[in-house]
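What follows draws every value from the coordinates through simple rules; no lab data is involved. Please read all numbers here as calculations on a predicted model, not as lab measurements. Note that we place each Cβ from the backbone using ideal geometry, even for glycine, and neighbour counts take in every protein chain shown.
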Ligand SMILES: Cc1ncc(COP(=O)(O)O)c(C=O)c1O
């Protein structure tokens, strides 16, 4: 297992490596305000708000609906506490209207344009953080006879970066799709990875972002019993897929992408955010 849970002191998980370059770019361009997008339980929004604050920047979030779980609800409280402002977007179809409205409001309030970070931090700049990891893993995987690397694919930058970094090494990168095909597909991942395509495993997808089934719940429970914290949106699925592959024979490296560090801050959920928990 490659354990990213302690990747940063303020917050861990796979977003830290993406944000290193993204936030440095925002700061170098003189931005004080950032705008990003995520689900109401988004680890990406939490990580962005925490690390941006360290650098003196403020995060504004567009938030979309996600199925209610205790983990998602706790994250929602953190997002409410950490973001400078947020816009609840009840359905994705409203994004083309709500996004520009939020942008205009921030410009009016701050007198400057915010720096835009795409969902999950999967810009080409953010993805580079995971290209680095792939490159660093090449020799390690060869020395241990690793056949494949398995990771959750939500916005795709982590799997795409690993595929680019491991390109030509003979190691297969498998992105376990947790979002609809319209968001995670060969065209999108290929564009992010400069043409080095990860394999996309859609067999753990449960019909909607954040949805899960009894099989995912069993993985989450078993991993917790064994001392590894996973959740139902990402890591319950990616760990399940990794174990399934390993049982079939290949030597598998599972990339654990969930933060093991949780921020203390949390705020009660206003009704518009509560309505995004479904
Ligand atoms: C815990 C966790 N694992 C995996 C992912 C997927 O990473 P990516 O968005 O790069 O596909 C995310 C973020 O979306 C995440 O929060």
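Its residue count N sets the reference 2.2 N^0.38 Å, and the alpha-carbon radius of gyration of the stretch 123-256 equals 1.00 times that reference. Here is how the number arises for the chain: DSSP H runs of 4 or more residues each give -39500 (n - 2.57), the sum is divided by the residue count, and the result at 222 nm is -13500 deg cm²/dmol. Name the shape class, rounded, prolate or oblate, that the alpha-carbon gyration tensor gives for the stretch 1-46, where a ≥ b ≥ c are the square roots of its eigenvalues, rounded holds for a/c under 1.5, and otherwise prolate holds if a/b is larger than b/c and oblate otherwise. Since a/c reaches 1.5 but b/c is at least a/b, the shape of the stretch 1-46 is classed as oblate.
So what is the diffusion coefficient of the stretch 22-61 in µm² per second by Stokes-Einstein at 20 °C and 1.002 mPa s, using a Kirkwood Rh over Cα pairs? Answer from the Stokes-Einstein relation: 212 µm²/s. Distance between the 7 Å Cα→Cβ label points at residue 92 and residue 217: 2.5 nm.
For the stretch 84-136, the alpha carbon convex hull comes to 114 Å³ per residue, rounded to a whole number. Beyond 25 Å, the tail of the calculated P(r) for the chain holds 43 percent of the Cα pairs. With N the number of residues in the stretch 61-101, Rg(Cα) / (2.2 N^0.38 Å) evaluates to 1.22. Take each peptide in 50-56, 240-246, count the other Cβ atoms within 10 Å of every residue, and average; sorted highest first, the result is 240-246, 50-56. Starting from the Cα gyration tensor of the stretch 107-154, take the square roots of the eigenvalues, sort them a ≥ b ≥ c, and report rounded, prolate or oblate (rounded when a/c is under 1.5, otherwise prolate if a/b is larger than b/c, else oblate). The shape class here is prolate.
For the stretch 176-217, the alpha carbon convex hull comes to 65 Å³ per residue, rounded to a whole number.
Mean shadow of the stretch 1-134, computed from the convex hull of its alpha carbons, in nm²? Dividing the Cα hull surface by four gives the mean projection, 8.5 nm². In Å, the Kirkwood hydrodynamic radius of the stretch 194-278 over pairs of distinct alpha carbons? Value: 15.1 Å, from the Cα pair sum.
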